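Enquirer: The structure follows.
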Amino acid sequence: MENKEILFLNPVFKQMIWGGRKLADKWHYDIPGDNTGECWAVSAHPNGDCTVRGGSYDGKRLSALWAEAPALFGNVDCDRFPLLVKIIDAKDDLSIQVHPDDAYAGRHENGSFGKTECWYILDAPEGASLVIGHNARDKEELADMIRSGRWQEFLREVPVKKGDFIQIDPGTVHAIKGGIEILETQQSSDITYRVYDYDRLTDGKPRELHVEKSLDVITVPARAAKDSVLDAAGGEKNELTLLVACKYYRVWKLAVEGRAAFDQKYPFLIMSVIEGEGKIDGHPVKKGDHFILPDGYGEATVEGNLQFIASTV
Ligand code: ZN
């Protein structure tokens, strides 16, 4: 059955000590304060459950829609909406962190999903870098470097620029640095183990670190740095270009110049407009809009000059 109703979503915003104002100034969102770090653009997670904007499901939470109208999402066999898409604006450095996999999170975090995530770099200052991976050779060296704070030796920084794409598997030490803006596609999970927070204070106190859990889950040795970053700035125009396919998601980039048509043949397709403006099947869309094309949507036609990141399970 053909289903042509596009599900537009209202984002949820998160204040963070490292956040800023770019989500208002560059993205024109109505942000709650000057330290806004994250826009949860497509999420049904209890810590930030988006509502539908307009149409027959106006105001409905995505978690409720997933439960009540599974046919919209291809009846995917999962007890919760499986993905979460965010825009992150890092005015300052984020903490050095690592995520568990499903098995560890299920055991230690009340049945939560683990977190596999990937980043499309929306913007980065000249000479920017990120922390991805580490330099410890074995578990013993890992523990020593972390416990004695040998951060310079431990952390591996890699250069990044606008248009780069990075897959972060569970167990990968990572951190976004100040000035970088990303679109993150991830498993719907909010479990982060903080390894190091640059000794920063919030209301006079350091944020909690999770050293023991981090030591449990960090992969040693880390994957080679050269295998971590994909240049996705170019790619084919007017067609979905696959950036990653893993157990949890498939993510594409779509750069439209003029007109593009593609077949929405997936259980559902999340789309985020990251540049420009135009129309999808007659609906005006612009940078900062996020929506879902439901199951059975069929052919979609996009007109204008704009870029999307799209994903499904
Ligand atoms: Zn992360």
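Laboratory data are not the source of any read-out in this text; all were calculated from the coordinates shown. Here the structure is a predicted model, which means the values were calculated and not measured. Glycine also receives a Cβ, built like all others from the backbone with ideal geometry; neighbour counts cover every protein chain displayed.
Enquirer: Report the residue, chosen from T241, T51, T202, that carries the largest GNM mean-square fluctuation when the chain is represented by alpha-carbon nodes joined by springs under 10 Å.
Expert: T202
Enquirer: Related question: Considering only C78, C39, C118, give the residue with the highest GNM mean-square fluctuation for the chain, with springs between Cα atoms whenever their separation is below 10 Å.
Expert: Most flexible of the set in this elastic network: C78.
Enquirer: Now, a different point. To the nearest whole percent, what portion of all C-alpha pairs in the range 61-100 is separated by more than 16 angstrom?
Expert: Every Cα pair in the range 61-100 considered, those over 16 Å come to 55 percent.
Enquirer: Sticking with this structure for a sec: What Rg and what Dmax come out for the range 7-231 when only alpha-carbon atoms are used, in angstroms?
Expert: When restricted to the Cα atoms of the range 7-231, Rg and Dmax are 18.1, 57 Å.
Enquirer: Let me ask you something else. For the range 241-312, just list the percent of Cα-Cα distances falling in each 10 Å bin from zero outward, please.
Expert: Values per bin, smallest distances first: 21, 58, 20, 1.
Enquirer: Something else now. Looking at the calculated P(r) for the range 166-313, what percent of the C-alpha pair distances fall above 25 Å?
Expert: 42 percent
Enquirer: How high is the FRET efficiency from K4 to D58, r the C-beta distance, R0 22 Å, rounded to 0.05?
Expert: Plugging the Cβ-Cβ distance into 1/(1 + (r/R0)^6) gives 0.85.
Enquirer: Sticking with this one: Taking K and R as +1 and D and E as -1, what net charge do the other residues with C-beta under 11 Å from the C-beta of G258 add up to?
Expert: So the environment of G258 carries a net charge of 0.
Enquirer: Rounded to the nearest 0.05, what FRET efficiency is calculated for E303 and D216 with R0 set to 51 Å and r the Cβ-Cβ distance?
Expert: After rounding to 0.05, the efficiency reads 0.55.
Enquirer: Which entries of K253/K287; K115/K247; K26/K115; K91/K253; K91/K279 have Cα-Cα distances beyond 21 Å here?
Expert: Beyond 21 Å: K26/K115; K91/K253; K91/K279.
Enquirer: Which residue fluctuates most in the GNM of the chain (Cα springs below 10 Å): I132, I166, I17?
Expert: I17
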